[in-house]
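Below is one structure; the comments refer to it alone.
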Amino acid sequence: MTADRRIHYFDDSAAFARALSRAAGLGAARVGVHRFPDGESLVRIRRPPGRHAWLVRSLHDPNGKILEVLMAADALRRAGARRVTLVAPYLPYMRQDAVFRPGEAVSQQVVCGMLADAFDGLRTLEPHLHRVSDLGGYFPGRSSISSVPLLAACVSGGRGRTLVVGPDEESEPWVRAVGRRARCPWVVGNKKRMGDRSVEVRLPDLPGCDRALIVDDIASSGVTIAQTARALARAGVRRVEAAVVHAIFAPHALAEIRRAGVRRIRSSDTIPHPTNAMRSAPLFARSLGVRR
Ligand code: R5P
């Protein structure tokens with residue numbers, strides 16, 4: 001391990017950062033944050049960065065965190081880093097990638113634009129990319145890491161034939177890839193969203209199966225997974241499980257999903273949560289391309 005090749009991390013991503021540091025063979029140093037009485041933050045780099053510095057923070061509950069990572073990028077450069085890469089296990093604001101109703105902002109462009117001004121590179125797991133299919137317009141090279149190996153691993157271990165189910169057409173790319181990798185059938189439903197906590201999910205005719213694994217990139221209010229589980233139950237599927245990449249889980253989301261009959265729910269560790277069961281640090285470590 002080279003002394004000054006290190007990742008710099010915020011306290012709220014400490015567990016992920018330590019796992020990444022071990023997997024990539026990089027040192028790790030905490031970024032200090034002082035909160036003033038008026039709510040402003042002072043960000044301080046505690047250890048000198050190498051020429052290339054990696055800044056780690058998962059950006060769920062994003063508004064304050066984004067400002068602080070921008071400041072940390074500035075601090076790293078002032079302290080001597082020539083290249084700064086943001087490692088954001090969860091990248092927020094990707095779903096608002098268009099104006100859906102007149103008067104709205106395109107949050108994806110605003111947030112990616114700010115981050116691209118401050119960072120030379122980005123690594124993130126399964127950002128919600130739909131109408132915009134990659135982040136190459138903002139960050140050179142490949143910045144998004146596929147969650148398919150993690151999700152496909154959730155298929156194995158169950159008894160009998162598993163059906164992989166995506167709630168909507170937006171989930172189709174990774175549902176198809178998970179089905180292929182795990183060699184099992186897959187379907188995607190049709191979702192209509194009426195409000196933040198109100199969706200309708202319709203499923204096509206289902207092939208016979210012993211259990212269904214709902215896969216999705218994000219569980220926020222939980223209603224998408226809950227309504228998909230209810231549709232599966234109506235279609236006669238007896239055991240339903242779920243695997244999500246990013247465990248946002250707003251208050252009551254997990255209870256809502258369990259009430260809908262989901263027997264087991266697993267998530268990756270991009271957002272700390274009791275359902276975390278998939279370790280993403282090894283995938284991130286490989287993507288950094290650091291030679292030991
Ligand atoms: C949207 O297309 C995403 O892939 C998820 O399905 C959605 O964000 C889940 O949100 P919620 O848990 O609030 O239904």
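Readers should treat all values here as calculations from the given coordinates under stated rules, not as data from a laboratory. Note that this is a predicted model, so its numbers are computed, not measured. Using ideal geometry, Cβ is built from the backbone for each residue, glycine included, and neighbour counts are taken over all protein chains shown.
Things worth noting here:
- In region 241-257 there is at least one residue matching the filter, namely being touching a residue at least 24 places away in the same chain (Cβ under 8 Å), in contact with a Phe, Trp or Tyr (Cβ under 6 Å, 6 or more places away or on another chain) and either within 26 Å of Ala53 (Cα to Cα) or outside any loop (DSSP other than H, G, I, E, B) (or both).
- Arg239 vs. criteria touching a strand residue (DSSP E or B) at 6+ places or on another chain (Cβ under 6 Å), surrounded by fewer than 22 Cβ atoms within 10 Å (Cβ to Cβ), basic (Lys, Arg) and closer than 15 Å to Ile257 by Cβ: yes
- Residue count for region 173-187 under the criterion of being β-branched (Val, Ile, Thr) and away from the ligand (no atom under 11 Å from the Cβ): the result is 2.
This table checks each residue for (1) touching a strand residue (DSSP E or B) at 6+ places or on another chain (Cβ under 9 Å); (2) under 12 Å from His8 (Cβ atoms); (3) of a type in the set (A, V, I, L, M); (4) buried (at least 24 other Cβ atoms within 10 Å of the Cβ).
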site: Leu42; (1), (2), (3), (4): yes, no, yes, no
site: Gly64; (1), (2), (3), (4): yes, no, no, no
site: Leu67; (1), (2), (3), (4): yes, no, yes, no
site: Val84; (1), (2), (3), (4): yes, yes, yes, no
site: Tyr93; (1), (2), (3), (4): no, no, no, no
site: Gly103; (1), (2), (3), (4): no, no, no, no
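- Residue that is farthest from the ligand (Cβ to nearest atom), among those in region 155-172 that are touching a Ser or Thr at 6+ places or on another chain (Cβ under 9 Å) and part of a loop (DSSP other than H, G, I, E, B): Ser156
- Residue check for Val43: touching a residue at least 24 places away in the same chain (Cβ under 8 Å) and within 14 Å of Asp120 (Cα to Cα): no
- Qualifying residues in region 267-292 (those that are basic (Lys, Arg) and in contact with a helix residue (DSSP H, G or I) (Cβ under 9 Å, 6 or more places away or on another chain)) - the one surrounded by the fewest Cβ atoms within 10 Å (Cβ to Cβ): Arg292
- Pairs where the first residue, in region 204-221, is under 16 Å from Pro127 (Cβ atoms) and the second is assigned to a loop (DSSP other than H, G, I, E, B) and of a type outside the set (Val, Ile, Thr), C-beta under 6 Å, 6+ apart: Asp216/Pro167; Asp217/Glu126; Asp217/His128; Ala219/Phe249; Ser220/Ala250
- The condition of being more than 16 Å from the ligand (Cβ to nearest atom) and part of a loop (DSSP other than H, G, I, E, B) holds for Gly137.
- Enumeration of residues in region 188-234 that are of a type in the set (Gly, Ala, Ser), within 10 Å of the ligand (Cβ to nearest atom) and either surrounded by 16 or more Cβ atoms within 10 Å (Cβ to Cβ) or within 12 Å of Pro167 (Cα to Cα) (or both): Ala219, Ser220, Ser221, Gly222, Ala226
- Scan of region 174-186 for residues that are part of a helix (DSSP H, G or I) and either closer than 14 Å to Ile214 by Cβ or in contact with a helix residue (DSSP H, G or I) (Cβ under 9 Å, 6 or more places away or on another chain) (or both), ordered by number: Trp174, Val175, Ala177, Val178, Gly179, Arg180, Arg181, Ala182
- Subset of region 107-134 that is more than 15 Å from the ligand (Cβ to nearest atom) and touching a residue at least 60 places away in the same chain (Cβ under 8 Å) - its residue that is surrounded by the most Cβ atoms within 10 Å (Cβ to Cβ): Arg123
- Region 149-172: number of residues that are out of contact with any Phe, Trp or Tyr (no Cβ under 6 Å at 6 or more places or on another chain) and surrounded by 18 or more Cβ atoms within 10 Å (Cβ to Cβ): 13
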